[in-house]
Amino acid sequence: MTAQLQHRTLSAAIVDRLRQAILDGSHPAGTQLRQDALAETYGVSRIPVREALFQLEAEGLVRILPHKGAVVSELSIDEINDVFDLRTILEPRLFAASATQFGAEDLAMLDFIQNRFVSAIRANDVSRWGLLNAEFHMALYARAVQPRTRAIVSALLQTSDRYTRVQLSSTAAMGKAQQDHAHLIALCKAGKVEEGCRFLIGHIEEVRQDLLRVLGRAG
């Protein structure tokens, strides 16, 4: 049991480090992630590395191919549409259940995360953009008593991290993200939940379309 727990703990740590390396571009799309090399780098056996790669495959960051092993996934338009379709369905549902229950502490938390998000954008701290965007969205849904839906959305936002960094690559997109988040906070404070749901759907859709335009230009 202890050995199994150690493997799980090591695997989780390796997942975090590899995920960050993929998201910050240290392992670009198409990079082969060799188990033996990673095990040597992290000073562990291949077992927790293999488990970590399976987890990253489930998150869509890695593909495990026959005769080639683990390869960092390409940015996929099909995956973008799949992720954002699900977000437009699930996030307004969570927002509607959560925002009606907000108190002063919840609203203060939204302001706190928004300030950190703005600071990260001004500092061009790319590594924090996706994380703070996800943290902001999950704070919007914190009071929803829908743990399975929140877990799914959390995973979708984690997958979106890679895309968020691409989408926020322009000054205009960064400014729009700040404005949208600020407007969502204002709607929460005003108790305008239905309007907030509509605005949230529009926000998610606009991010999707902007991202597809960015990738279209890149292609």
**Message:** Give all pairs with beta carbons closer than 7 Å in which a residue from region 7-32 that is not assigned by TED's automatic domain parsing to the domain that holds LEU131 meets a residue that is among the acidic types (Asp, Glu) and modelled with pLDDT of 85 or more; count only pairs at least 6 apart in sequence or on separate chains.
**Reply:** HIS7/GLU51; SER11/GLU51
**Request:** Mind listing whichever residues of region 51-70 are more than 22 Å from LEU211 (Cβ to Cβ) and either assigned by TED's automatic domain parsing to the domain that holds THR164 or modelled with pLDDT of 85 or more (or both)?
**Result:** GLU51, ALA52, LEU53, PHE54, GLN55, GLU57, ILE64, LEU65, PRO66, LYS68, GLY69, ALA70
**Asked** Between residues in region 153-173 that are over 18 Å from VAL62 (Cβ atoms) and residues that are modelled with pLDDT of 75 or more and among the aromatic types (Phe, Trp, Tyr), which pairs lie under 7 Å by C-beta distance while being six or more apart or on different chains?
**Response** VAL153/TYR141; THR164/TRP129; LEU168/TRP129
**Message:** Being surrounded by fewer than 21 Cβ atoms within 10 Å (Cβ to Cβ) and modelled with pLDDT under 90 is true for just one of ALA120, ALA151. Which residue is that?
**Reply:** ALA120
**Request:** Name every residue in region 71-94 that is of a type outside the set (Lys, Arg), in a helix (DSSP H, G or I), touching a residue at least 24 places away in the same chain (Cβ under 8 Å) and surrounded by 14 or more Cβ atoms within 10 Å (Cβ to Cβ), in order of residue number.
**Result:** GLU79, ILE80, VAL83, PHE84, LEU86, THR88, LEU90, GLU91, PRO92, LEU94
**Complete:** Going through region 54-80 in order, the residues found to be closer than 17 Å to THR31 by Cβ and of a type in the set (Val, Ile, Thr) are VAL62, ILE64, VAL71, VAL72
**Message:** Condition check: in contact (Cβ under 8 Å) with a residue 12 or more places away in the chain and more than 19 Å from LEU61 (Cβ to Cβ). Does ALA120 satisfy that?
**Reply:** yes
**Request:** Determine, yes or no, whether SER160 is in a helix (DSSP H, G or I), small (Gly, Ala, Ser) and surrounded by fewer than 17 Cβ atoms within 10 Å (Cβ to Cβ).
**Result:** no
**Message:** Here is a check on your reading of the model: is ALA97 free of Cβ contacts under 8 Å to residues at least 24 places away in the same chain and buried (at least 16 other Cβ atoms within 10 Å of the Cβ)?
**Reply:** no
**Request:** May I ask you to list the residues in region 191-211 that are over 17 Å from the mean Cα position of the chain (by Cα), assigned to a helix (DSSP H, G or I) and either on the phi > 0 side of the Ramachandran plot or buried (at least 20 other Cβ atoms within 10 Å of the Cβ) (or both)?
**Result:** GLY196
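The values are calculated or read from the model by the stated rules, or taken from the named source; none is laboratory data. Since we're looking at a predicted model, the values are computed, not measured. For neighbour counting, all protein chains shown are included, and Cβ atoms are generated from backbone atoms with ideal geometry for every residue, glycine included.
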